[in-house]
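This report refers to the structure that appears directly beneath it.
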Amino acid sequence: MAGSHRGPKFQQRYEQARRFIVPMLERTGRPLHTMRALEIGCGEGPKVCALAPMFKEYVGIDLDAQGIAMGRANVAAYKLQNADLRLQEAADLARILADETFEVIVLYAVLEHLTVEERLSTLELCWEALPEDGILYIGEAPNRIAPIDYHSSRLPYFHLMPPQLAGKFLDRSPHHGWKSRVHSEDTTELGLYRNGQHVGFEEFDAAVMSYEHLSAHILADNWFEPMMNLYPLRWFEPRNLDDFAELARGGFWTKPAAAAFARYWIEFVLSKRPVDAPLPGIHFLQSEGKTPTRPDLVGTRLQTLSSEKPHWFTAPAKASSLSFGISKDSVGEVILASQGEPIALWYADDIRSANKGLWTLQSWAEQTLDLEAGQAVSFMAGAGSHIELCPPFIR
């Protein structure tokens, strides 16, 4: 619950939407100021207050009467004239989508709280209701293929267990508040789904389209700079990308699953019509030489840059952009070069200025450039600097 606009929880979620969701929507290139948007499960309206100014009209619906009442007060406090918050039951969604047209539908931190049947019906309803130029925003859904449930139980592989088995491990969770909420539901299975059971590409495959075609409809995903600053790179996310590619090479899939499903938090903008230029794939740069590394709190291996000797990486594919992250303890300058010639210089404080979200463990920057497969790039620290580099990637 976000509460009043004066409270820290509301402000944290409002700022998260303003600093990270707004840039994701802007990346779509759509004329959002001419569009009507619907947010399903808007609660007290922190995202409503942050996103409504982008649109012609913004409608938020929720089944919690207290939340809607607080949300209306928050909207009034922000003096928003185009935001309409409505108390609606889940069963009302089909009628709303049949009676009204929305070019944008937002499902943020919603899918993981629905049963499988509810997820599929909600996705199908939203997708079918969108007009040809419509977009669907999926946000903050924890990924089923993650090796540990950071979101709720905080247990390894818990979210992959069938409910009958998960119920026997439920009380081993160190998250006492979450356990209590699960136990408060009529059944353990329902408690798990109402309190954050994870999501995968399978829901979209079953309700929207085959995963083989999904990548051709993604306008923006969770590998762009805003999302890298919101959600730090975790140790298993590059491995997930490798697994997707290996399954395609082995003939199990005809093409890899969308890169958006490799991260712990699933977040992307889905276009009803195929995009003109599908997003390039994600490829982590191959490090040359054996440089000592240390893991940060989410297991990402950090490499300390030298001010005297460059750290070289080779591009495994042709690319138009490069992304890199630095640790929260980094200070000073980062220098990027290609073919021995400097390309760009960043100050650690400037990189961190983009990162004001929940996570400040890592801060990320994105650099436009043209790289050919096999081309080498290097990173150095400026004189007197201490820079810890996250694994860089290209797309």
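Put simply, of Leu38, Leu107, Leu51 the only residue that is part of a strand (DSSP E or B), surrounded by 18 or more Cβ atoms within 10 Å (Cβ to Cβ) and either free of Cβ contacts under 8 Å to residues at least 60 places away in the same chain or touching a Phe, Trp or Tyr at 6+ places or on another chain (Cβ under 6 Å) (or both) is Leu38. Residue-level check: of (1) hydroxyl-bearing (Ser, Thr, Tyr); (2) open to solvent by less than 10 Å² (accessible area, probe 1.4 Å); (3) over 27 Å from the mean Cα position of the chain (by Cα), Ser327 misses just (3).
Among the residues of segment 358-395 satisfying the criterion of being among the small types (Gly, Ala, Ser) and buried (at least 19 other Cβ atoms within 10 Å of the Cβ), which is farthest from Asn222 (Cα to Cα)?
Within segment 358-395, the subset among the small types (Gly, Ala, Ser) is 363, 365, 373-374, 376, 378, 381-385.
Among the residues that remain, those that are also buried (at least 19 other Cβ atoms within 10 Å of the Cβ) are: 363, 365, 378, 381.
Values: Ser363: 14, Ala365: 14, Ser378: 25, Ala381: 27 Å.
The qualifying residue farthest from Asn222 (Cα to Cα) is Ala381.
Among the residues of segment 372-385, are any free of Cβ contacts under 8 Å to residues at least 60 places away in the same chain and among the aliphatic types (A, V, I, L, M)? Yes, segment 372-385 contains a residue that is free of Cβ contacts under 8 Å to residues at least 60 places away in the same chain and among the aliphatic types (A, V, I, L, M).
The residue of segment 167-182 that is nearest to the chain's Cα centre (by Cα), among those that are open to solvent by 80 Å² or more (accessible area, probe 1.4 Å) and over 17 Å from Pro142 (Cβ atoms), is His176. The number of residues in segment 114-147 being closer than 16 Å to Glu202 by Cα, part of a helix (DSSP H, G or I) and not polar (S, T, N, Q) comes to 8. Inclusion of Ala91 among residues that are over 26 Å from Pro31 (Cα atoms), assigned to a helix (DSSP H, G or I) and more than 27 Å from the chain's Cα centre (by Cα) is warranted. For segment 214-222, the count of residues that are open to solvent by 10 Å² or more (accessible area, probe 1.4 Å) and among the acidic types (Asp, Glu) is zero. Residue count for segment 277-307 satisfying the condition of being at negative phi, in contact (Cβ under 8 Å) with a residue 12 or more places away in the chain and outside any strand (DSSP E or B): 16.
Could you tell me whether any residue of segment 41-57 is closer than 24 Å to Val208 by Cα and within 21 Å of the chain's Cα centre (by Cα)? Explain how you work it out, then say what you get.
Kept after step one, since they are closer than 24 Å to Val208 by Cα, are these residues of segment 41-57: 41-42.
Retained after the next criterion (residues that are within 21 Å of the chain's Cα centre (by Cα)): 41-42.
Yes; the residues of segment 41-57 include at least one that is closer than 24 Å to Val208 by Cα and within 21 Å of the chain's Cα centre (by Cα).
Taking the condition open to solvent by 50 Å² or more (accessible area, probe 1.4 Å) and either within 19 Å of Gly41 (Cβ to Cβ) or not polar (S, T, N, Q) (or both), does Asp186 pass? Taking the combined requirement at face value, the residue satisfies it.
Summed over segment 232-263, the residues that are assigned to a loop (DSSP other than H, G, I, E, B) and under 27 Å from Thr293 (Cα atoms) give a count of 6.
For segment 144-166, the condition holds for at least one residue, the condition being that it is among the basic types (Lys, Arg), at negative phi, open to solvent by 40 Å² or more (accessible area, probe 1.4 Å) and touching a residue at least 24 places away in the same chain (Cβ under 8 Å).
Residues of segment 310-341 that are among the small types (Gly, Ala, Ser), in contact with a Leu (Cβ under 9 Å, 6 or more places away or on another chain) and in a strand (DSSP E or B): Ala319, Ser320, Ser321, Gly325, Ser327, Ser338.
Just the residues that are among the β-branched types (Val, Ile, Thr) and either under 17 Å from Gly134 (Cβ atoms) or modelled with pLDDT under 95 (or both), please, taken from segment 1-47. Result: Thr28, Thr34, Ile40. Cβ separations smaller than 9 Å between residues 6+ apart or across chains give the following pairs from segment 72-87 residues that are under 16 Å from Glu39 (Cα atoms) to residues that are assigned to a loop (DSSP other than H, G, I, E, B) and hydroxyl-bearing (Ser, Thr, Tyr): Asn74/Ser4.
The values are calculated or read from the model by the stated rules, or taken from the named source; none is laboratory data. If you're wondering where the values come from, they're calculated on a predicted model, not measured in any experiment. Here Cβ is always computed from backbone atoms with ideal geometry, including for glycine, and neighbour counts include all displayed protein chains. The protein model used for the area step is the full one, side chains on, heavy atoms only, and it has no ligands, DNA or RNA in it. Shrake-Rupley method; radii C 1.70, N 1.55, O 1.52, S 1.80 Å.
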